[in-house]
Amino acid sequence: RRFWDEAKKIQIVAQTRVPGVSVSQVARRYDLNANLIFRWLRDPRYAVAQERTGDFLPVTITADLDLPPPLKPSRLPVPPPAEVRVEITTPSGCKVRVEGGLDVRGICELVRGLER
């Protein structure tokens, strides 16, 4: 079993953060199991100290009094139920024909009742 000191672990973890480099590539380079490197990646002791997520830009917020009023949400009309014709044959041989508006819950309950 090999021993990796903390400085080396930090160096290996830092190599996985380079864009375009995968953990498996780094693992092969050091003859390591990739799962071990993933464990080091989760450990805060081996996190790269200089890791930066992005730069901040200066922002100035000013009041603009010429804004239009906020939009009010409108409700879209609900379309009428679709006219359908469905014929269902259960495994036990019962046939159910449904015509008219589509009520999926009612159809499911009807078919379940026939199977009992």
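The values are calculated or read from the model by the stated rules, or taken from the named source; none is laboratory data. Here the structure is a predicted model, which means the values were calculated and not measured. Neighbour counts are summed over all protein chains in view; Cβ atoms, including those assigned to glycine, are modelled from backbone coordinates with ideal geometry. With ligands, DNA and RNA removed, areas are computed over all heavy atoms of the protein, side chains included. Shrake-Rupley method; radii C 1.70, N 1.55, O 1.52, S 1.80 Å.
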Only one of Gly54, Gly93 is at pLDDT 70 or above and out of contact with any helix residue (DSSP H, G or I) (no Cβ under 7 Å at 6 or more places or on another chain), namely Gly93
For the structure I just gave you, tell me whether Val84 is of a type outside the set (Phe, Trp, Tyr), at pLDDT 70 or above and in a strand (DSSP E or B). no
Please work out which residue is least open to solvent (accessible area, probe 1.4 Å), limiting yourself to region 7-38 and to residues that are among the charged types (D, E, K, R) and modelled with pLDDT of 90 or more. Lys9
How many of the residues making up region 1-35 are among the β-branched types (Val, Ile, Thr) and touching a Phe, Trp or Tyr at 6+ places or on another chain (Cβ under 7 Å)? 4
